[in-house]
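Remarks on the structure that follows.
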Amino acid sequence: MNLIIVTAESIRIGQPLPFSLRDKEGVLLAPKGYVIASRADLDLIVEQRGKLYIDFAESEGHHRAYMGKLHSMVRQDRLLGQIASTELMTSDLERNRNTVDTGEPNWMDLQGQTHAMLRDINPATFCARLDKLQAQLNRYSRLNPDGTLFALIHISSSELRQYSATHAMLVSVMCGLAAREVLKWPAEQEASLCKAALTMNIGMTELQDQLALQKHAPSPEQRSHINQHAARSVALLQHLGVTDPSWLEAVLDHHAKTPGPLAGRTESQRMARLIQRADMFAARLAPRVSRVADSPASAMQGSYFDENRQIDEAGAALIKAMGIYSPGSFVRLASEEIAVVVKRGANTTTPRVAILINRAGMPTGEHIVRETNKPEFRIVAGVPYRDVKVKINLERLLVLTKSPATDRPW
């Protein structure tokens, strides 16, 4: 292990760590992805353990950032003593991340980027950060849509922190898939739709995160803020430089209850309806301190029927794009095994799954893949996340989402 110092001042409070923090002996202090809640917590770590370090070889990105900083100092004719004692700041890693794409998404990092973007009230930087984030999500959802859905549904269903960021990413990806694969909307409209979904709740980001951790019902003041958040979001987006009328109108109307077909609506109204259905699904999927979450299958079925209990066209497009049992969902098979969906199937009810718990009720060491279009492995029920007591190794299961595609007809 080759350790280098990282400055405490550069650690971003309230955002996932882009690296593991260690002490001078290499002892792990905080794992990658851990969120340090306050400056006081960080100061306490420094007081107890001294300077903070990261492993030079922890990732190729960190290696490039550190070597880039050293080369820059050499070119500037810095003194050897300064070069030898250089410390790596998170801003160096941020610059490196902005210019290098390894092709594999870091979902905790993307969650942190979204968390920061939704709190960026600087018109000079907001649109660029949003464009970069939306381009990354679009790229990943095109390269591996099943893996993208798996990661976001897993994170949404299993943790409370940074709810607003995860919720925004999931709704954006869901809308993008439905627009592209099912509704066949133009690429320009899809991009506008996805940005609207990412920013629909920007006017209540802090409150949204607070409500996810709140035990009691919203107060009258909080309820008033919730009721006004669409208009607040539009006003803030305009201040930040957004001028696209369809984007702004979709954000304004994304809670409108307007059942009926999409035909005959304006572009922004169609976008708003799709966002509203996806928003409903993602909200029901996520747990709160005050309530348990629905299973993905139950949440998806809730979006399928409109306010008049008729099939909703936008909701149906989402189900066709994602499946009733979408990647990241837990299911029970006819074989009495519990599995997680890793890939969408030829139709909405026959995905590819990986076994987590065998018929004896024991966790499996290796994840056996099953095709649920076979009668002996058909899905008999969705299973809520709270009922599956197996620790999910996200990276290991994401590998299975890259397996050969199922024969989807669209």
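The values are calculated or read from the model by the stated rules, or taken from the named source; none is laboratory data. Not measured: the values here are computed from a predicted model. A quick note on method: Cβ atoms are made from the backbone with ideal geometry, for glycine too, and the neighbour counts reach across all protein chains shown.
The table for this structure:
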quantity: Members of the range 237-269 that are surrounded by fewer than 16 Cβ atoms within 10 Å (Cβ to Cβ) and of a type in the set (S, T, N, Q); calculated: GLN238, THR243, THR258, THR266
quantity: Among the residues listed as ALA283, ALA272, ALA250, ALA212, the single one being within 21 Å of ALA321 (Cβ to Cβ) and under 20 Å from the mean Cα position of the chain (by Cα); calculated: ALA283
quantity: Restricting the range 11-29 to residues that are in contact with a strand residue (DSSP E or B) (Cβ under 8 Å, 6 or more places away or on another chain) and over 14 Å from MET108 (Cα atoms), the residue that is modelled with the lowest pLDDT; calculated: ILE11
quantity: Which listed residue is outside the structural domain of VAL182 (by TED's automatic domain parsing), not basic (Lys, Arg) and not in a loop (DSSP other than H, G, I, E, B), from VAL380, VAL390; calculated: VAL380
quantity: Residue list for the range 200-240, restricted to those being in a helix (DSSP H, G or I) and either in contact with a strand residue (DSSP E or B) (Cβ under 8 Å, 6 or more places away or on another chain) or over 25 Å from SER290 (Cα atoms) (or both); calculated: LEU211, ALA212, ALA231, ARG232, SER233, VAL234, ALA235, LEU236, LEU237, GLN238, HIS239
quantity: Any hit, the range 342-349, residues being out of contact with any Phe, Trp or Tyr (no Cβ under 9 Å at 6 or more places or on another chain) and either assigned by TED's automatic domain parsing to the domain that holds ARG142 or at pLDDT below 95 (or both); calculated: yes
quantity: Sole exception among (1) aromatic (Phe, Trp, Tyr); (2) closer than 19 Å to LEU262 by Cα; (3) at pLDDT below 95 for TRP185, by number; calculated: (3)
